[in-house]
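The structure under discussion appears below in the form of structure tokens.
The values are calculated or read from the model by the stated rules, or taken from the named source; none is laboratory data. Worth saying up front: this structure is predicted, and the values here are computed from it rather than measured. Here the Cβ is made from the backbone with ideal geometry for all residues, glycine too, and neighbour counts use every protein chain on show. Accessible surface is based on the protein model in full, side chains and every heavy atom, while ligands, DNA and RNA are left aside. Shrake-Rupley method; radii C 1.70, N 1.55, O 1.52, S 1.80 Å.
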Amino acid sequence: MTAMAEAPVAAPVAADVTFRIHRYQPEFDSEPHWEEYTVPLYPTDRVLTALEKIKGEIDGSLTFRRSCGHGICGSDAMRINGRNRLACKTLVKDLDISKPITVEPIKGLPLEKDLVVDMDPFFDAYRSVMPFLITDGHEPTRERLQSAEDRARFDDGTKCILCACCTTSCPVYWTDDQYFGPAAIVAANRFIFDSRDSGAEQRLEILNEKEGVWRCRTTFNCTDACPRGIEVTKAIQEVKRALIFRRF
Amino acid sequence: MSTTAQPGPVNIPAPRSSQRSSQRSNFELYSWLFMRVSGLVLVFLVLGHLLIMNVLDGGVQRINFAFVAGRWSSPFWQVWDLLMLWLAMLHGTNGMRTIINDYAERDQTRFWLKMILYVAAGFTIILGTLVIFTFDPNIG
Ligand code: SF4
Ligand code: SF4
Ligand code: FES
């Protein structure tokens, strides 16, 4: 018992929230369709909580990916009310619950089931920019030292969790299945501007291809979508600039 | 990846092919740069053109055959108009090319749309260039 009980905190009230969820079971459905579910939720609940409630209490066949539940594994990217977000980082209080909340799979990747898409093309693009440290010369006997400024140069890109929110919000990626997509370019940027890395030339050469950075239309969809707040379009522009200054 | 023996009707869009054609060329780099540079130059050329033709002394009312003939007798205006024609046509054609690349998904559709575009652009550029160089002020 404390004497500070003058301003009582109002107990949160659960409200019924309706979700309009994209369903597609390849065994039974010939076409995807929408289904509505209503669950009681607190304003501080996440959309992921709602999906788990629906799966646990209403319809066990609802399929979606999730792992950490804390915005770090990048597995639960989906389109919520038309915007790419992580279900585990989207709170009910930030959504308009007077209308059903739509939940769809991310666009531009082959649909597998309900909210699950085939991520292989996304990771193929990621792999093709060689997202690992490439070095030459003698291997040092201690760690590769780097100044704080050199580390800060590529800091933004290191925050990527490969959730694909950016790539699947890109209008170029939706229609051009060969474009590398913003996530792969962020990964390349992270190593191109790392002072310890010496594979920049090869990566720039890859991104200079027909389906590389020049496909980007600078619409900033990717920057808006990134749940990690990475300045994705800026990372792409840095690669373009490096390519141009390398040439002239 | 095996796509055999799946139960029931499966209606999944064809997966993206993962092999990328790797052509080593700087064409896309130069075309990207060209769009920026030509865009900037065109701002001056086109605004200047509009100002001279439609606003300055007498405006659009004074334009007639003699006016055009007088202008094109000077190499300066010939070069101005030629530059404007070429830059605008190439800028526009390249923009249309990217739009076609963006939205035409079938290979055949994309090929033929681009062919129509290139023929139309080539025709306009050649015709315009011809008119500027072979303009005869005496045919009027
Ligand atoms: S800025 Fe570029 S990469 Fe990002 S969404 Fe737009 S076109 Fe795609
Ligand atoms: S850049 Fe952002 S949106 Fe794109 S994959 Fe990484 S974390 Fe996700
Ligand atoms: S569940 Fe891991 S990021 Fe959302």
>> I need the full set of residues from region A:27-46 which are exposed (fewer than 11 other Cβ atoms within 10 Å of the Cβ) and touching a helix residue (DSSP H, G or I) at 6+ places or on another chain (Cβ under 9 Å), in order please.
In response: A:Thr44
> Residues of region A:196-248 being hydrophobic (A, V, I, L, M, F, W, C) and away from ligand 2 (no atom under 16 Å from the Cβ), which ones?
Replying inline: A:Ala200, A:Leu204, A:Ile206, A:Trp214, A:Ala242, A:Leu243, A:Ile244, A:Phe245, A:Phe248
>> I'm checking my understanding of the structure. Among residues of region A:42-64 that are of a type in the set (S, T, N, Q) and within 20 Å of A:His22 (Cβ to Cβ), which one is farthest from ligand 3 (Cβ to nearest atom)?
In response: A:Ser61
> In region A:155-201, what count of residues is obtained for those that are of a type in the set (A, V, I, L, M, F, W, C), surrounded by fewer than 24 Cβ atoms within 10 Å (Cβ to Cβ) and within 16 Å of ligand 3 (Cβ to nearest atom)?
Replying inline: 3
> Of everything in region A:235-248 that's open to solvent by 50 Å² or more (accessible area, probe 1.4 Å) and free of Cβ contacts under 8 Å to residues at least 12 places away in the same chain, which residue is farthest from ligand 1 (Cβ to nearest atom)?
Replying inline: A:Phe248
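Conditions tested, residue by residue: (1) modelled with pLDDT of 95 or more; (2) over 16 Å from A:Thr18 (Cβ atoms); (3) within 12 Å of the chain's Cα centre (by Cα).
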position	(1), (2), (3)
A:Asn81	yes, no, no
A:Leu86	yes, yes, yes
A:Ile97	no, no, no
A:Pro100	yes, no, no
A:Val103	yes, no, no
A:Pro110	yes, yes, no
A:Leu115	yes, yes, no
A:Asp120	yes, yes, no
A:Phe123	yes, yes, no
>> Given the options A:Arg228, A:Arg217, name the one that is open to solvent by 40 Å² or more (accessible area, probe 1.4 Å), at pLDDT 95 or above and basic (Lys, Arg).
In response: A:Arg228
>> Name the residue that is farthest from B:Asn26 (Cα to Cα), counting only residues in region A:173-209 that are touching an Asp or Glu at 6+ places or on another chain (Cβ under 6 Å), more than 10 Å from ligand 1 (Cβ to nearest atom) and within 11 Å of chain B (Cβ to nearest Cβ).
In response: A:Thr175
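I need the full set of residues from region A:8-37 which are β-branched (Val, Ile, Thr) and under 29 Å from the mean Cα position of the chain (by Cα), in order please.
Correct list: A:Val17, A:Thr18, A:Ile21.
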>> Just the residues that are within 14 Å of chain B (Cβ to nearest Cβ) and of a type in the set (A, V, I, L, M), please, taken from region A:145-172.
In response: A:Ala164, A:Val172
